[in-house]
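**Q** Before I ask anything, let me first share the structure, which is written out below as structure tokens.
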Amino acid sequence: MADNELDDGKRRFLITAGTVAATGAGAVAAAVPFVASMMPSERAKAAGAPVEVDVSNLEPGQRMIVEWRGKPVWIVRRTEEMLKMVKSDDDRVADPASTRSTQPSYAKNEFRSLKPEYLVLVGICTHLGCSPVDRLHAQPEPFAADWHGGFYCPCHGSLFDLAGRVYKNKPAPDNLTVPPYKFVSDTTLLIGEDTKGA
Ligand code: FES
């Protein structure tokens, strides 16, 4: 076997094992201790170490949740239909261009994301800090008969669209926060670090 092939194989193994360790550290730590030792400790994670996330099993139209800095971070894989709903929501939301909301510069765009397909948000309401629930699909809901899909905060009734933008006249003042992140492969995200090393 050529050295290059060996190196490629080793690299693939480490990426796979490392990705699993980020989402299931307890189970992998015993089986692959040397990989686990490369992962950030719980203390380092709490202090803000970036978290690597494998999104290859995330189906279109679904959300997954990971923890970063002790906060829930949502990753939603949006369909074309969902993206159309975002485009149609501009007149419903309070800050359509995210001028007063918090996000990295590369997510200050109509879909609030690096790639339109993937939405990444800190899942904490900008009102008093509850975690909204997802109601991702367009269908009548008790809180909105013409719901386009997004997130609902039952604490005081704030609504957010599929870009995390808050609806007008709701208690939450700003859109949901987008954390720093980057893609390290087509299906692997690093939450908490971007190309500037934020
Ligand atoms: S905490 Fe979300 S609406 Fe109050």
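The values are calculated or read from the model by the stated rules, or taken from the named source; none is laboratory data. Because the structure is a prediction, the values reported are computed rather than measured. In this analysis, Cβ positions are derived from the backbone assuming ideal geometry, glycine residues included, and neighbour counts consider all displayed protein chains. Side chains included, ligands, DNA and RNA excluded: accessible areas come from the protein's heavy atoms. Shrake-Rupley method; radii C 1.70, N 1.55, O 1.52, S 1.80 Å.
**Q** Just to verify a result, which residue in the range 173-185, among those that are of a type in the set (A, V, I, L, M, F, W, C) and touching a Pro at 6+ places or on another chain (Cβ under 9 Å), is farthest from the ligand (Cβ to nearest atom)? Give the steps one after another, and end with the answer.
**A** Quick first cut of the range 173-185, residues of a type in the set (A, V, I, L, M, F, W, C) only: 176, 178, 183-184.
From what is left, the residues that are touching a Pro at 6+ places or on another chain (Cβ under 9 Å) are 176, 178.
On the way: Leu176: 10, Val178: 17 Å.
The extreme case among them is Val178.
**Q** Kindly list the number of the only condition in (1) of a type outside the set (D, E, K, R); (2) within 16 Å of the ligand (Cβ to nearest atom); (3) outside any loop (DSSP other than H, G, I, E, B) that fails for His127.
**A** Here His127 meets the rest and fails (3).
**Q** Can you say whether Ser113 is under 23 Å from Asn169 (Cβ atoms), of a type in the set (Gly, Ala, Ser) and touching a residue at least 40 places away in the same chain (Cβ under 8 Å), as far as the supplied structure shows?
**A** Details: under 23 Å from Asn169 (Cβ atoms): no; of a type in the set (Gly, Ala, Ser): yes; touching a residue at least 40 places away in the same chain (Cβ under 8 Å): yes.
Taking the combined requirement at face value, the residue does not satisfy it.
**Q** Looking at Ser113 and the list (1) touching a Lys or Arg at 6+ places or on another chain (Cβ under 8 Å); (2) closer than 23 Å to Trp68 by Cα, which single condition is not satisfied?
**A** With respect to (1) touching a Lys or Arg at 6+ places or on another chain (Cβ under 8 Å); (2) closer than 23 Å to Trp68 by Cα, Ser113 is out only on (1).
**Q** Of His148, His156, His137, which residue is at pLDDT 95 or above and surrounded by fewer than 13 Cβ atoms within 10 Å (Cβ to Cβ)?
**A** Numbers: His148 fails: surrounded by fewer than 13 Cβ atoms within 10 Å (Cβ to Cβ); His137 fails: surrounded by fewer than 13 Cβ atoms within 10 Å (Cβ to Cβ).
From the options His148, His156, His137, the qualifying one is His156.
**Q** Right, another one. So which helices (runs of 4 or more DSSP H) stay within the range 13-108 end to end and still have 3 or more residues that are open to solvent by less than 80 Å² (accessible area, probe 1.4 Å) and modelled with pLDDT under 95?
**A** Values: elements: 25-31, 33-36, 42-46, 80-88.
Answer list for the range 13-108: 25-31, 33-36, 42-46.
**Q** Could you check, for the range 160-172, whether at least one of its residues is assigned to a loop (DSSP other than H, G, I, E, B), within 10 Å of the ligand (Cβ to nearest atom), open to solvent by less than 50 Å² (accessible area, probe 1.4 Å) and aliphatic (A, V, I, L, M)? Steps first, please.
**A** First, the residues of the range 160-172 that are assigned to a loop (DSSP other than H, G, I, E, B): 162-165, 168-172.
Now restrict to residues that are within 10 Å of the ligand (Cβ to nearest atom): 170-172.
Subsequent filtering for residues that are open to solvent by less than 50 Å² (accessible area, probe 1.4 Å) retains 172.
Then keep just the ones that are aliphatic (A, V, I, L, M); that gives 172.
Checked against the condition, which is being assigned to a loop (DSSP other than H, G, I, E, B), within 10 Å of the ligand (Cβ to nearest atom), open to solvent by less than 50 Å² (accessible area, probe 1.4 Å) and aliphatic (A, V, I, L, M), the range 160-172 yields at least one hit.
**Q** Only one of Ser131, Ser113, Ser185, Ser158 is over 28 Å from Glu52 (Cα atoms) and hydroxyl-bearing (Ser, Thr, Tyr); which?
**A** On the way: Ser131 fails: over 28 Å from Glu52 (Cα atoms); Ser113 fails: over 28 Å from Glu52 (Cα atoms); Ser185 fails: over 28 Å from Glu52 (Cα atoms).
Selected residue: Ser158, the only one of Ser131, Ser113, Ser185, Ser158 that is over 28 Å from Glu52 (Cα atoms) and hydroxyl-bearing (Ser, Thr, Tyr).
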